[in-house]
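Heads up: the structure comes next, in structure tokens.
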Amino acid sequence: MSRIEVLEERCKGCLLCAQACPKGVIAQSERINQHGYKVVEAAAEKKEECIGCAFCALVCPDVAIHVYRTPKNVKEEETGHAG
Amino acid sequence: MYQEELVFGHPASMTDHYMHYCPGCHHGVAHRILAELLDEMGLADQAIAVSSIGCSVFLYDYYKVDCVEAPHGRAPAAATGVKRARPDNFVFTYQGDGDLASIGMAEIMHCANRGERVSTVFVNNTVYGMTGGQMAPTTMLGQKTTTCPGGRCQEREGSPIRMTELLSQLGGVAYAARVAVNNVKNVKKAKEAMRKAFQAQLEDRGFGFVEILAACPTNWKMTPIEANERIASELIPYFPLGVFKDVSQEEAC
Ligand SMILES: Cc1ncc(C[n+]2csc(CCOP(=O)(O)OP(=O)(O)O)c2C)c(N)n1
Ligand code: SF4
Ligand code: SF4
Ligand code: SF4
């Protein structure tokens, strides 16, 4: 599984990441950070679809996204179950 | 437990300082890829930045490198002095289009022509961003700004200057390219162009220049997404992307 972490205090809600994501994972949240920006999130119903491509992070102007990937084989080997 | 791997994080040579740029401003992307290169090329310890006047004036807050703040337009002259005094350091300037192509036109032309062993990152957002969006030499024909409210007119203000093409004519220039950061593919290409411009300095071949077409949503009076789209629809047709000069080591003097 792959996932993103949005650094909410850096995010400015520009939505360039949402536009770049090939899986439609990212959406605007209801949260407003201390700078007054409505931050994005990996939408609850979509976040499982993240493929860890980092397209979102590559276009983010504020270094507000970190991307984590779990190699499939490692996961299966170490956890003993797939999925 | 499965092992999770961080595949995209914060570049080591970049501070975690919150950037003051507007939402969707491409200065941030340019900053990040520059930092990634400082890390990948092992330059962070030897780099000296010469920053300019414009929205990127606080550049020294964002990098863990030494920085000289040059007066408006004078970064290439200041960088010349820094590099000549410290030839073993990696020296780069970071300048906007008002800074580089207006008030600093003389400095960049002569620095490039002399083939100073410095690298310049030129962020062309077609306006003076910091001071409220006045016309720059790079403003598009018809583009409305606070100093050309009816739109830039060729008869009155001339045509937008294509700096990369101009500089590529000069003998001292080893590498000159124009890039954009409006999509994933272009961000990757921008980074490779910057790497080559930096290599021109490291391999003592001459001056390296990369122009980045950049969005300024605030002064374009657009949303970040609209401004990002304007790069492809309006800027690239007039400011074509590509490598305009790449002199190999053999050809250099
Ligand atoms: C000698 C001098 N003249 C004028 C100014 C005012 N000034 C500050 S920033 C700027 C323009 C910057 O525009 P640009 O280089 O395009 O950078 P951007 O803000 O768009 O990134 C001007 C004219 C100044 N600071 N110093
Ligand atoms: S691109 Fe970055 S700053 Fe913009 S909304 Fe996405 S995470 Fe936030
Ligand atoms: S890593 Fe790729 S799939 Fe995951 S949220 Fe970012 S762009 Fe979308
Ligand atoms: S005014 Fe324009 S160039 Fe300056 S920070 Fe805002 S968007 Fe960026």
Next item on the list: Count, for each residue of B:7-14, the Cβ atoms from other chains sitting within 10 Å of its Cβ, then give me the mean as a whole number.
Entry: 5
Next item on the list: Among DSSP beta bridges whose residues both lie in region B:27-248, state the antiparallel percentage, nearest 5.
Entry: 20
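Considering only Cα-Cα distances, which of the following residue pairs are longer than 20 Å: B:Lys64/B:Lys245; A:Lys12/B:Lys221; A:Lys47/A:Lys72; A:Lys12/B:Lys188? Mind showing how you got there, number by number?
Details: B:Lys64/B:Lys245 31 Å; A:Lys12/B:Lys221 17 Å; A:Lys47/A:Lys72 17 Å; A:Lys12/B:Lys188 22 Å.
As for pairs spanning more than 20 Å Cα to Cα, those are B:Lys64/B:Lys245; A:Lys12/B:Lys188.
What does the helix-only formula give at 222 nm for the protein assembly as shown: each DSSP H stretch with n ≥ 4 adding -39500 (n - 2.57), the total divided by the residues, and the result rounded to the nearest 500 deg cm²/dmol?
On the way: 12 runs with 97 residues, N = 336.
When only DSSP H runs of four or more count, the value is -8000 deg cm²/dmol.
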Item checked: Cβ-Cβ FRET estimate between A:Glu49 and B:Gln199, R0 fixed at 35 Å, reported to 0.05 -> 0.35
Notebook entry, point to check: In whole Hz, what ³J(HN,Hα) sequence does region B:104-121 give by Karplus (6.51, -1.76, 1.60; θ = phi - 60°), x for Gly and Pro?
Noted result: x, 4, 5, 4, 5, 4, 6, 4, 5, 5, 6, x, 4, 7, 10, 10, 10, 9
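So how do B:Phe92, B:Phe198, B:Phe244 line up by other beta-carbon neighbours within 10 Å, fewest first?
Going from least to most buried by this count: B:Phe244, B:Phe198, B:Phe92.
What ratio of Cα Rg to 2.2 N^0.38 Å holds for the protein assembly as shown? Can you show the working numbers first?
Numbers: Rg = 20.6 Å, N = 336, 2.2 N^0.38 = 20.1 Å.
Rg over 2.2 N^0.38 Å, computed on Cα atoms: 1.03.
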Next item on the list: May I ask you to derive the FRET efficiency for B:Gln154 and B:Ser248 from their Cβ-Cβ distance with R0 = 51 Å, giving the value to the nearest 0.05?
Entry: 0.85
Check: What is the set of long-range amide H partners of B:Val50 at a cut-off below 5 Å, with H atoms built 1.01 Å from backbone N?
Finding: B:Val68, B:Phe92, B:Thr93, B:Tyr94
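Grab the beta carbon distance between B:Lys188 and B:His110, set R0 = 35 Å, and tell me the FRET efficiency rounded to 0.05. Let's see the in-between values first.
Working: r = 33 Å, r/R0 = 0.93.
Efficiency computed from Cβ-Cβ geometry: 0.60.
Would you list B:Ile225, A:Ile32 from fewest to most Cβ contacts within 10 Å?
Details: B:Ile225 16, A:Ile32 12.
Placing the least packed residue first, the sequence is A:Ile32, B:Ile225.
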Notebook entry, point to check: Using θ = phi - 60° and the Karplus form 6.51 cos²θ - 1.76 cosθ + 1.60, what ³J(HN,Hα) does each residue of region A:29-37 get, whole Hz, x for Gly and Pro?
Noted result: 9, 9, 8, 10, 7, 5, 8, x, 9
Check: For region B:13-21, what does the Karplus curve 6.51 cos²θ - 1.76 cosθ + 1.60, with θ = phi - 60°, yield as ³J(HN,Hα) per residue in whole Hz, taken in order and with x for Gly and Pro?
Finding: 7, 9, 6, 9, 3, 5, 7, 7, 5
Check: Beyond 21 Å, what percent of the Cα pairs of region A:3-77 remain?
Finding: 23
Next item on the list: Hand me the GluC sites (Glu not before Pro) from region A:15-57 located in a DSSP loop with no more than 12 other Cβ atoms within 10 Å, in residue order please.
Entry: A:Glu45
Checklist line | Separation in nanometres of the label points that stand 7 Å from Cα toward Cβ, at A:His35 and B:Val57 | finding: 1.8
Check: Which percent, nearest 5, of DSSP beta bridges in the protein assembly as shown are antiparallel?
Finding: 40
Check: In Å and whole numbers, how far do the C-alpha atoms of region B:27-248 stretch along each principal axis, longest first?
Finding: 49, 32, 31
Next item on the list: Arrange the following residues from fewest to most other Cβ atoms within 10 Å of their Cβ: B:Val123, B:Val7.
Entry: B:Val7, B:Val123
Checklist line | Contour excess over end-to-end distance, with Cα ends at B:Thr15 and B:Lys221 and 0.36 nm allotted per residue | finding: 71.2 nm
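Bear in mind these aren't lab numbers, they're just calculated from the coordinates by the rules spelled out. Because the structure is a prediction, the values reported are computed rather than measured. Neighbour counts are summed over all protein chains in view; Cβ atoms, including those assigned to glycine, are modelled from backbone coordinates with ideal geometry.
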